[in-house]
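Remarks on the structure that follows.
The values are calculated or read from the model by the stated rules, or taken from the named source; none is laboratory data. As the structure is a computational prediction, the values presented were derived from the model and not from experiment. Don't worry about glycine lacking a Cβ; one is built from the backbone with ideal geometry, like all the others, and counts go over all protein chains shown. What goes into the accessible areas is simple: the full protein's heavy atoms, side chains included, and nothing from ligands, DNA or RNA. Shrake-Rupley method; radii C 1.70, N 1.55, O 1.52, S 1.80 Å.
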Amino acid sequence: HAAEAQRTDLMTITRHVLNEQGRHPESRGDFTILLSHIVLGCKFVASAVNKAGLAKLIGLAGDTNVQGEEQKKLDVLSNEVFVKALVSSGRTCVLVSEENEEAIIVDAPLRGKYCVCFDPLDGSSNIDCGVSIGTIFGIYMIKDKDNVTLDDVLQPGTDMLAAGYCMYGSSCTLVLSTGNGVNGFTLDPSLGEFILTHPNIKIPNRGKIYSVNEGNAKNWDAPTAKFVEKCKFPQDGSPSKSLRYIGSMVADVHRTLLYGGIFLYPADQKSPNGKLRVLYEVFPMSFLMEQAGGQAFTGKQRALELVPRKIHDRSPIFLGSYDDVEDIKALYASES
Ligand code: AHG
Ligand code: MN
Ligand code: MN
Ligand code: MN
């Protein structure tokens, strides 16, 4: 009977969040409505990604974004879908997207109390070859709905009240935290619903995998170089770590979250602040890692304590298993 009951007791992401929101009697379901619009965007992108090659969605859009990157058609399409879904939810006030140079301030009639920072399509370089890509988002509460300023999103990651990502891979998995642990949901295409498949994700305290673009090795600073050297040639006789690097942050972080290990995008001489953007890559992934029992470090401080000055600010990032990040923190501490 239990199996039967289990099968019919569908824990959808909406139901799960409603249960969690029950802990906030003051919330009038606004967050649940916001989340349902983010989920709508993810379902749209999942279907577009699954037929990208067929729907002539691969290749360049012919524009470049504020990052100086050539926009892919799917970058632009996903961005449009998320902007429209978030604005029409009537629950957002400020939107920051990787693909928009300026923050979007929602017109007063549709204004709500949440600010959403998002990377509509992460891992664009992997679109055309069919390797996993994703969407990343982080959510702040607005300070004063009648006086909206950029300051509402130039806040430390510790002020985020929720964060998550959706990975478009062999299955479509949405990982979310609203500050009370991390849960993973898998899209059941036959229902069009995200079903709870990974309750209460906890990252192992130490892992056997390191994840970094070794092609940047000549530009690394000493602590990063020393850390990677120790992964490959451990001095304490322990086995070497495996290198796994997909090049889509969502996929590299998802594997790190489930298997343990460490993901690094260090600073280097070329880019002193690293490559990854604070508001919609570093903060959401750091939030999730801490909620799952791991940690996230910039080389100088706890990643979530960074205060961005501009909406596309970047930061070096080392995140993953608690003890693995401790090792790199010790190397930076001994260097300073
Ligand atoms: P995006 O596609 O949203 O611009 O992000 C790409 C990022 C991130 O997904 C990944 O970790 C990193 O770029 C890979 O950078 P390198 O190719 O320099 O290793
Ligand atoms: Mn990009
Ligand atoms: Mn990205
Ligand atoms: Mn992107």
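Points to keep in mind about this one:
- Extension gain, E326 to V131: 0.36 nm times the residue separation minus the Cα-Cα distance gives 67.1 nm.
- Eligible aspartates and glutamates near K145 by straight Cα distance, threshold 12 Å, same-chain separation 8 or greater: D107
- Sequence of Y210, Y265 from largest to smallest accessible area, 1.4 Å probe: Y265, Y210
- Sorting the segments 266-274, 253-261 by their mean number of nearby beta carbons within 10 angstrom, highest to lowest, gives 253-261, 266-274.
- With both labels modelled 7 Å from their Cα along Cα-to-Cβ, the I105 to I33 distance reads 2.3 nm.
- Of the residues S211, S190, S124, the one with the largest accessible area comes first in the ranking S190, S124, S211, computed with a 1.4 Å probe on protein heavy atoms.
- Legend: calculated FRET efficiency, A225 to K84, from the Cβ-Cβ distance at R0 = 35 Å, rounded to 0.05, equals 0.20.
- Estimated D of the chain in µm² per second, where Rh is the Kirkwood radius over Cα pairs and Stokes-Einstein applies at 10 °C, 1.306 mPa s: 78 µm²/s
- Around the amide H of Q71, modelled in the peptide plane, lie the amide H atoms of A61, G62, D63, T64, N65, all under 5 Å away and 5 or more residues distant in sequence or on another chain.
- Peptides ranked, highest mean first, by Cβ atoms within 10 Å: ranges 242-249, 63-70, 194-201: 242-249, 194-201, 63-70
- Extension gain from N200 to F233, taking 0.36 nm per residue of separation minus the Cα-Cα distance: 8.5 nm
- Based on Cα contacts under 8 Å between residues 6+ apart, region 85-158 shows a relative contact order of 28 percent.
- Listed residue (P109, Y140, Q71) projecting farthest to the positive dipole end of region 1-146, Cβ model: P109
- Heavy-atom accessible surface of the chain, averaged per residue, reaches 44 Å², computed with a 1.4 Å probe.
- Whole-percent carbon and sulfur share, accessible surface of region 136-221, 1.4 Å: 49 percent
- C-alpha long axis of helix 73-88 to longest principal axis of the chain, angle in °: 50 degrees
- Taken one residue at a time, the phi angles of region 107-115 give Karplus couplings (6.51, -1.76, 1.60, θ = phi - 60°) of 4, 3, x, 9, 6, x, 9, 10, 10 Hz. Gly and Pro are set to x.
- Kirkwood's formula applied to the C-alpha pairs of region 167-306 gives a hydrodynamic radius of 16.2 angstrom.
- Reachable lysines from K230, criterion Cα separation under 18 angstrom, eight or more residues apart if same chain: K208, K218, K241, K329
- With R₀ fixed at 35 Å, the C-beta to C-beta distance from L243 to A3 puts the FRET efficiency at about 0.30.
- Separation between Cα centres of region 213-261 and region 282-336, rounded to whole Å: 15 Å
- Charge-dipole axis of the chain as Lys and Arg at +1 and Asp and Glu at -1 on Cβ define it, positive-most pick from Q155, T256, F283: T256
- For Q295, the residues whose modelled amide H falls within less than 5 Å of its own, excluding neighbours fewer than 5 places apart on the same chain, are G320, Y322.
- Residues whose amide H lies under 5 Å from that of R314, counting only those 5 or more places away or on a different chain, are V278; hydrogens are built 1.01 Å from N in the peptide plane.
- Full extension of the chain between V307 and E69 yields a length gain of 83.2 nm, computed as 0.36 nm times the residue separation minus the alpha carbon distance.
- In Hz, Karplus ³J(HN,Hα) per residue of region 266-278 (6.51, -1.76, 1.60; θ = phi - 60°; x = Gly, Pro): x, 6, 8, 4, 5, 10, x, 9, x, 10, 7, 8, 5
- Charge dipole magnitude, Cβ of K and R +1, D and E -1 - region 208-336, Cα centre, debye nearest 20: 380 debye
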